[in-house]
Structures are given as structure tokens and as C-alpha cells.
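Visitor: Below: one structure in C-alpha cells.
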Amino acid sequence: MNSKITGFMEIDRKNFAHRDVEVRIKDFNSVYQPLTDAEMKSQATRCMDCGTSFCNWGCPLGNLIPEWNDLIFNGNWEKAYYMLSLTANFPEFTGRVCPALCESACVLGLNREAVSIREIEQTIAEKAFEKGWVKPRTPKVRTGKKVAIVGSGPAGLAAADELNAMGHIVTVFEREKNIGGLMRYGIPNYKLEKSVIDRRVQLMKESGIIFMTGIEIGKQKLFEAILNEYDAVILACGTWVPRDLKIPGRELRGIHFAVDFLRQQTMRLTDETLNEESISAEGKTVLVIGGGDTGADCVGTANRQGAKQVYQFEILPKPLSVRDESMPWPTFPRIYKHTTAHEEGCVNEWEISTKEFYGKKGQVKGVKGAKIKWFKGSDGRYACEELEGTQFELDVDLVLIAAGFLHTEHDSFINRLKIKLDHIGNVDTDEKNQTNLRKVFAAGDMRTGQSLVVKAIYDGRMTAEHVNEYLNATQHSLVV
């Protein structure tokens, strides 16, 4: 394997550079400046070629990370891409937006900085596109079986990619104008350029996958019609119902869900028509409620739109900067992440209870809140209490609620067809990812609840395997 076994002792981790803040907040182009091939080869050399590579375990896709690191070290980039593509349908996506669970499980990370696996993955993928190694996965034989996939997020796209490669005829239905789901409409362009999604979708079209956009199942096309026309159906609609903040003043104008704010910005970049009230942070004092990745995305987007000032409130305590005994290696640690968005300007406040919105003439003008403290009760559960004398008011013009998502939408066809839901409100499935309806399966966040892009891709791959098994059981003839 890796012929420079002392690389991890001789070479320090070097990350992608960031464009200057003053420059990048004026556009929505990528924040990052990749390293050279020589620098990435040096970074791949840091891989220890562990006897037991926990990075494989940490990656939901089981990527063969030590193998492609060794190939890069030896200059074989094409074979490295082939090795990566065995497990990863869209490494150009995960190489940009995955939180790198693999790096958290890297053995080197026990006492040094982990190998920069995500950046190496992105570099392999981009070189593969540059060199023309990424080809449409066009099957040599078609089975004649037709599969409909409802939703074009990472789970739906992964399932489509796999089932098409198996020889089935795949049609993806998407209600939005463009393909990508929350990857397109929920992740800012500066983290995942939409041209990256378009490039992959074009390859999938060339491989034979049919994309039908602007079609909402239950409205423009009845689900019953799809059931009659297709041999199997996969529901991959994601979790689009946001968690609300039900406090006094919530009805005021100027208070919006983060997903609506982010979605509109993507629509502006792709010249899509807005048919609802425009949400803009330009010239405003903005409050983002929620301290996760979506909240950070709102911070970065608000700054790029020209916000006067951005605040971010989180009800939970500030995470630790390093692992403790509650986050043992090789599990993914919930530690503090100072994102590129926060570099661009933001006032972060932790352990804040947002108590009330106030306004004037129906428009939000400010928020009332207080500091809280968390403690563990006698029953072992955590609770919080308001700290006396910490109440405050903050004048704001725009509030963005980024408190996560509850469950998938319970729209007309879900309710009308009595598709079984779990106790959370997501689509309930058996061990084969099949719903209570014959030949109807579910994949991704619609089935599991809010999760990561990489986990949705994995779930899409697994669902495709189950659907293929189901179709093979009913297969009688091949169509060339």
C-alpha cells in the first residue's frame, strides 16, 4: 500500500484556502481555493494505511479511502477515481458538503489532525471530470421494467443512478423547475455550485434516465396513474416541513423559515420566477434562530445579500472545541465548528431563549429573549431555567427560523392513499424499505427523517437494491 509510511509524521495537514472575505461576500461563487495536485498528493501521503481503517466505518458509503490515497501517492489518479466510484455515486457533492464523518473516525485524528479525506475526494472527482473519466452509466441491456422516483434530492438521484445502471427504465419526477431537492434549494451556491449538480444531471440524462420537472404528484399527475404505469415506485420527497417557533408575535411579517429564504436565493441565481413574497436581507438587521448548518447558511447568504448586521441565537450551550468522554473516538463528535459564514461577520449567542417577537403595523421590529442555563435533573434528563436579570430586547428587521425539520409533507397523495407513517411523521417502511402499499418504496429523509446528504445517498443506494430484488422476482423477459 502507501509506500511512504512515515508521511503522517513528516507532513502537516493543509486545507483548501478560503477566498478573502471582502471579495467573496460580493458574490455566490465557491468560498474555497483547492490545492495543487502536488499538494494533494502530499496530503494523501499522510494516510497511515491502518490495519483496521476506521475511516471506512465512519463513512456511510464505506468509501475505500486508504486505497485511493495510496493510488494518488503513486500518481494513479484515474484508478483512484475508479476506486472511489465503486461506492460513491456523486463524490463531487459529498466532497463539498459532507461533514466528513470519515475524518472523525480517522486513526491519525487520535493525536494529530486527521487526513483531509473530504478535500481529497473532491479533488479526485474534479480531476475525473476534467480528464473525461466520468462517463454516463448506460446499461448494455434493458430489463423492460419501469421505475418511477418521486423527488430528485440525493436519495432519489442515487436510487435512479443505481437502478438505471441495473438496466431498468427510470423516470424521476420533481415538482421544482430544476433537479436537486434540498441540495439545490437548501444549500447555498458558495458551498455547492449548482453547475456541479447540472453537470451530473446531464450525464444521468445521457445514460437514459428521464427527468420530469415542474410536476407535483397529486396535482399535475395523480399518484394512482403512476402506480398503474410503473412496475415500482420510490418516494424520495425529503423532509420539507420546518420546525416552527410558536411564541407571541410569530404572525408578524418579516419572520420566515430558513428554507424559504435559502430557496429564493437559489431561484434568483438560476433566474426562476418568484411567485411569493420576496425575502431579502439587504440593508436589514437579521436574526437567525438556530445554530446548525442551515443557520450558518442563512448567515452567509444574509451577508452576501448586504445585511446591515447578522445575529444568530442558539438555545443549546456552545459545543466543546475538542472531544470529551461523551464523544469517544471514532464516533462523530458534536464539537464547535467556526464556519466560513461566521468568518464573514456574525454575532453568535448561545443558551438564548427567544420569548417573543414585537413589531409595528404588522411588521417585526424586534425580539425579546433571555439567557438560560441547562442542567441535568434527578431523572437524568436535561432541562433549562431562565437566568434572573438576563432579559433583553433586540431590534431586528428580518427573522429566519432555522430550527430543523419535523417530517415529510403529509400532502394529498400521502393522506388519500393512507400511506403508513411512523410516530415522527415520516413514511414507515419494512426492512426492505417498502411501504404498506404494494410496489411502493421510500428512500432518504422521507423515510429516515432529517439527515445528511451522504446518508441519503446511501439510503437511495440500498433502496435501489431492494427495488431491483423486487423487480427481479417478477421479471420474465429481457428487452435489448
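Visitor: So, in region 436-449, how many residues would count as being surrounded by 21 or more Cβ atoms within 10 Å (Cβ to Cβ) and either in contact with a Ser or Thr (Cβ under 7 Å, 6 or more places away or on another chain) or modelled with pLDDT under 95 (or both)?
Guide: So the answer is 6.
Visitor: Next question. Could you tell me which of the residues 87, 52 is more than 30 Å from residue 184 (Cα to Cα), in a loop (DSSP other than H, G, I, E, B) and either touching a His at 6+ places or on another chain (Cβ under 8 Å) or polar (S, T, N, Q) (or both)?
Guide: Numbers: 87 fails: more than 30 Å from residue 184 (Cα to Cα).
Residue meeting the stated conditions: 52.
Visitor: Additional query: Looking at the structure I just gave you, is residue 316 outside any loop (DSSP other than H, G, I, E, B), hydrophobic (A, V, I, L, M, F, W, C) and over 16 Å from residue 263 (Cβ atoms)? Walk me through how you get there before you give the answer.
Guide: On the way: outside any loop (DSSP other than H, G, I, E, B): no; hydrophobic (A, V, I, L, M, F, W, C): yes; over 16 Å from residue 263 (Cβ atoms): yes.
It is false that residue 316 is outside any loop (DSSP other than H, G, I, E, B), hydrophobic (A, V, I, L, M, F, W, C) and over 16 Å from residue 263 (Cβ atoms).
Visitor: Then there's this: Could you list, in sequence order, all residues of region 19-33 that are exposed (fewer than 15 other Cβ atoms within 10 Å of the Cβ) and touching a residue at least 12 places away in the same chain (Cβ under 8 Å)? Before you say what the answer is, go through the steps one by one.
Guide: Restricting attention to region 19-33, the residues satisfying the condition of being exposed (fewer than 15 other Cβ atoms within 10 Å of the Cβ) are 20-23, 26-27, 29, 33.
Those that are exposed (fewer than 15 other Cβ atoms within 10 Å of the Cβ) and touching a residue at least 12 places away in the same chain (Cβ under 8 Å): 21, 26, 27, 29, 33.
Visitor: State the number of residues belonging to region 240-278 that are farther than 14 Å from residue 184 by Cα and of a type in the set (Ser, Thr, Tyr).
Guide: Final tally of qualifying residues: 2.
Visitor: Within region 4-40, count every residue that is farther than 27 Å from residue 190 by Cβ and assigned to a helix (DSSP H, G or I).
Guide: 4
Visitor: Name the pairs whose Cβ atoms lie under 7 Å apart, with the first residue in region 316-327 and assigned by TED's automatic domain parsing to the domain that holds residue 338, the second exposed (fewer than 15 other Cβ atoms within 10 Å of the Cβ) and charged (D, E, K, R), and 6 or more positions between them or separate chains?
Guide: 319/334; 327/334
Visitor: Hey, does region 457-468 have a residue that's over 22 Å from residue 157 (Cα atoms), out of contact with any strand residue (DSSP E or B) (no Cβ under 7 Å at 6 or more places or on another chain) and modelled with pLDDT of 95 or more?
Guide: Checked against the condition, which is being over 22 Å from residue 157 (Cα atoms), out of contact with any strand residue (DSSP E or B) (no Cβ under 7 Å at 6 or more places or on another chain) and modelled with pLDDT of 95 or more, region 457-468 yields no hits at all.
Visitor: Further question on the same structure: Restricting attention to region 45-95, and to residues there that are under 26 Å from the mean Cα position of the chain (by Cα) and of a type in the set (Val, Ile, Thr), which single residue is nearest to residue 118 (Cα to Cα)?
Guide: 94
The values are calculated or read from the model by the stated rules, or taken from the named source; none is laboratory data. All of these numbers come straight from a predicted model, not from anything done at the bench. Every residue, glycine as well, gets a Cβ built from its backbone with ideal geometry; the counts of neighbours run over all protein chains shown.
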